[in-house]
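The values are calculated or read from the model by the stated rules, or taken from the named source; none is laboratory data. Because the structure is predicted, anything quoted here is derived from the model rather than measured. Reconstructed Cβ throughout: ideal geometry from the backbone, glycine too, with neighbour counts over all protein chains shown. Accessible surface is based on the protein model in full, side chains and every heavy atom, while ligands, DNA and RNA are left aside. Shrake-Rupley method; radii C 1.70, N 1.55, O 1.52, S 1.80 Å.
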Amino acid sequence: MFTLIDLPYKSLTPVISDETLSFHHGKHLQTYVDNLNKLIVGTEFEKMSLEEIVVSSSLPAPTGNPAVFNNAGQILNHNLYFSQFAPTPHPGLDPGSLLSKQIVKQWGSVDAFKADFESKGTTLFGSGWVWLSANPDGTLVITQETNASNPITRVMPGQTGHLRPLLTFDVWEHAYYLDYQNRRAAHLQALWGIVNWNEIEARYTK
Ligand SMILES: [Fe+2]
């Protein structure tokens, strides 16, 4: 049985309102948890970890299962999303960290990386997620994932294993519409103010 994760903070205002946080975590994520628990009863997925369910259910039939994938993917996506934030003020990205050095190596500057990430979030058509992930060799990749997809299902060309998701912005309208209406770009820009870079760095170096 999967359970709703606890939030590691009480509030993320003014970047995300308490109302949005309450609906997003307490209603949307709770529904995905309840649905997945019902769907996996008596199936081969019952004994798997959440990550194993996402990868396994994403495969073609007969192993794959779109309904299981949609709900498991959304739980994994939201667990990583909600646990990556911290209320302001908090330290930003440490310029001496391995993650910062890799970002600068690939994008030239942290600001250029943020602009690329925001742009890929803004231009994602419909519902989905923009992700920063790491390849097995430590190089970083930004991907656009539609609906419930997660980069953990992808192996990039020339790589020996799956991407490891590090950071994500949720571009489903339920993530921002109460606070920002149609202004997705403004919402994405504001999210940088609550990213807990210590958590993202820990995911990268794990
Ligand atoms: Fe969401």
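Within region 106-116, being in contact with a strand residue (DSSP E or B) (Cβ under 8 Å, 6 or more places away or on another chain) and of a type in the set (S, T, N, Q) holds for one residue alone: Gln106.
Among residues of region 155-181 that are free of Cβ contacts under 8 Å to residues at least 24 places away in the same chain and more than 16 Å from the ligand (Cβ to nearest atom), those with a Cβ under 6 angstrom from a residue that is open to solvent by 20 Å² or more (accessible area, probe 1.4 Å) and not hydrophobic (A, V, I, L, M, F, W, C), sequence gap 6+ or separate chain, pair up as Val155/His162. Restricting region 117-140 to residues that are open to solvent by less than 50 Å² (accessible area, probe 1.4 Å), in contact with a strand residue (DSSP E or B) (Cβ under 6 Å, 6 or more places away or on another chain) and outside any strand (DSSP E or B) leaves a set whose member that is farthest from Gly73 (Cα to Cα) is Phe117. Within region 18-47, the residues that satisfy the criterion of being buried (at least 17 other Cβ atoms within 10 Å of the Cβ) and not aromatic (Phe, Trp, Tyr) are Thr20, Leu21, His24, His25, Leu29, Val33, Asn35, Leu36, Leu39, Ile40. Take region 26-75 and flag every residue that is away from the ligand (no atom under 14 Å from the Cβ) and among the charged types (D, E, K, R). Correct list: Asp34, Lys38, Glu44, Glu46, Lys47, Glu51, Glu52. The single condition from (1) in contact with a strand residue (DSSP E or B) (Cβ under 7 Å, 6 or more places away or on another chain); (2) in a helix (DSSP H, G or I); (3) within 16 Å of the ligand (Cβ to nearest atom) that Ile103 fails is (3). Would you mind stating whether Phe69 is more than 25 Å from Tyr176 (Cα to Cα), among the aromatic types (Phe, Trp, Tyr) and open to solvent by less than 70 Å² (accessible area, probe 1.4 Å)? Answer is no for this residue. Taking first residues from region 115-126 that are of a type outside the set (Phe, Trp, Tyr) and partners that are surrounded by 14 or more Cβ atoms within 10 Å (Cβ to Cβ) and assigned to a helix (DSSP H, G or I), the Cβ contacts under 7 Å between residues at least 6 apart in sequence or on separate chains come to Asp116/Trp107; Glu118/Ala185; Glu118/Leu188; Glu118/Gln189; Gly121/Leu188; Thr122/Arg184; Thr122/Ala185; Thr122/Leu188.
Does Phe69 satisfy the criteria of being closer than 21 Å to Trp172 by Cβ and among the hydrophobic types (A, V, I, L, M, F, W, C)? Reasoning before the result, please.
Numbers: closer than 21 Å to Trp172 by Cβ: yes; among the hydrophobic types (A, V, I, L, M, F, W, C): yes.
Yes; evaluated as a whole, the condition is true for this residue.
Kindly check whether there is at least one residue in region 84-98 that is within 15 Å of the ligand (Cβ to nearest atom) and open to solvent by less than 30 Å² (accessible area, probe 1.4 Å).
Within region 84-98, the first condition is being within 15 Å of the ligand (Cβ to nearest atom), and the residues that meet it are 84-85.
Checking the rest, the ones that are also open to solvent by less than 30 Å² (accessible area, probe 1.4 Å) come to 84-85.
Checked region 84-98: at least one residue is within 15 Å of the ligand (Cβ to nearest atom) and open to solvent by less than 30 Å² (accessible area, probe 1.4 Å).
Whether any residue in region 134-145 is away from the ligand (no atom under 16 Å from the Cβ), touching a Ser or Thr at 6+ places or on another chain (Cβ under 7 Å) and within 17 Å of Val54 (Cβ to Cβ) is what I want to check. Yes: region 134-145 contains one or more residues that are away from the ligand (no atom under 16 Å from the Cβ), touching a Ser or Thr at 6+ places or on another chain (Cβ under 7 Å) and within 17 Å of Val54 (Cβ to Cβ).
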